[in-house]
Amino acid sequence: MSMFKKMELSDEKSDKQPEGEPEKVKCLIIGSGPAGYTAAIYAARANLNPVMYEGLEPGGQLTTTTDVENFPGYPDGVTGPVMMDDFKKQAARFGTDIRPGIATASDLSSSPFRVTIDDSIIIETDSLIIATGATAKYLGIESEKKYMGSGVSACATCDGFFYKNQDVAVVGGGDTAAEEALYLSGICKKVYLIIRKDHMRATKVMQQRVMDKENITVLYEHVTREIVGENGVVTGVILINSLGEEVRLEISGFFVAIGHTPNSGIFRDYLETDEVGYIKTIPGTAKTNIEGVFACGDVMDPHYRQAVTAAGTGCMAAMDTEKFLGTRKF
């Protein structure tokens, strides 16, 4: 499943009206991945009888990742799909009702909360855990898809180690791109920062840090035309400069750092979010502004976006849910 598709839920409103009586559940989890599956494990062990809808891409962004070497418990590394399958099996082992389906609408105006699945099924739930993740933005060129996981990445912290002492490129001009370039500069031999405009959008502090790094070369007014490779892996990138000239860089890794879109669209009428759409939670908890609704993983985390931090917030969401249900009479 491609990361270029919307993953866990649909942001588009549908005119199709669900039919039939709602199904009533105690704990509903929307979205899979490290956050959703971890929430399911904890909720199931607490006898909350969780029902999970996996979304369009079961397992989330990690299902498009090849090797994962920074998640505890896998000393020899593991592929993203295998790790997510392990998470899923563990959630199912404790009794989580795992179902295919995409959340297409919600009504959080009163309890029990209502979530519509696939425009046709209404679930009424006493508690809701949102683990719908965030979708990385990409340039939209065909070669990006071709080399995804084989030289193209949207996470330097996740994949930078695989390019140790090699030449790589980062595309983007904001703080995220600057942070990715700085991180990679401590691992890689050479880092090219590709910016389509004649200036960086990053803060002055981040710009200065980039300029101070001898192994970072900033290429202003360059647009990515195509990522090229041999034997299924990236070997270079072709750029077009401000004069219309073709420029080729010999690299082994291409990192896209132009932002993420949190998959929170159908909840934004009810939940507090930041200007981008990340769901706000009460610090130190997974609680949202609506009692009984919790958020975990990348949909509420604009900073770290790591599998291990997502799993941690999934645990928090389930424990907060258990406490909430234990103090309420329905």
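Miscellaneous remarks
- Residues that are assigned to a loop (DSSP other than H, G, I, E, B), in contact with a helix residue (DSSP H, G or I) (Cβ under 9 Å, 6 or more places away or on another chain), touching a residue at least 60 places away in the same chain (Cβ under 8 Å) and not hydroxyl-bearing (Ser, Thr, Tyr), drawn from the range 258-280: Ile258, Gly259, Asn263
- Of the residues making up the range 230-257, those that are surrounded by fewer than 20 Cβ atoms within 10 Å (Cβ to Cβ) and in a loop (DSSP other than H, G, I, E, B) number 8.
- Residues in the range 84-119 that are more than 14 Å from Pro22 (Cα to Cα) and either part of a loop (DSSP other than H, G, I, E, B) or among the β-branched types (Val, Ile, Thr) (or both): Phe94, Gly95, Thr96, Ile98, Pro100, Gly101, Ile102, Thr104, Leu108, Ser109, Ser110.
- Lone qualifier among Pro302, Pro283 - being part of a loop (DSSP other than H, G, I, E, B) and either surrounded by 23 or more Cβ atoms within 10 Å (Cβ to Cβ) or modelled with pLDDT under 95 (or both): Pro302
- Here Ala92 meets the list (1) of a type outside the set (S, T, N, Q); (2) surrounded by fewer than 16 Cβ atoms within 10 Å (Cβ to Cβ); (3) over 20 Å from the mean Cα position of the chain (by Cα) almost entirely, failing just condition (2).
- The range 307-330, subset more than 16 Å from Pro72 (Cα to Cα) and of a type in the set (Ser, Thr, Tyr), residue modelled with the highest pLDDT: Thr321
- Restricting Ile129, Ile123 to residues that are under 19 Å from the mean Cα position of the chain (by Cα) and surrounded by 23 or more Cβ atoms within 10 Å (Cβ to Cβ) narrows the list to Ile129.
- Meets criteria (in contact with a strand residue (DSSP E or B) (Cβ under 7 Å, 6 or more places away or on another chain), among the β-branched types (Val, Ile, Thr) and within 23 Å of Gln306 (Cα to Cα)) for Val234: no
- The residue list Ile194, Ile227 contains one member that is buried (at least 16 other Cβ atoms within 10 Å of the Cβ), modelled with pLDDT of 95 or more and in contact with a His (Cβ under 6 Å, 6 or more places away or on another chain), which is Ile194.
- Unique match (being more than 28 Å from Ser150 (Cβ to Cβ) and without any contact (Cβ under 8 Å) to a residue 24 or more places away in the chain) among Thr327, Thr321, Thr313: Thr327
The values are calculated or read from the model by the stated rules, or taken from the named source; none is laboratory data. Remember, predicted model here, so these are calculated numbers, not experimental data. Reconstructed Cβ throughout: ideal geometry from the backbone, glycine too, with neighbour counts over all protein chains shown.
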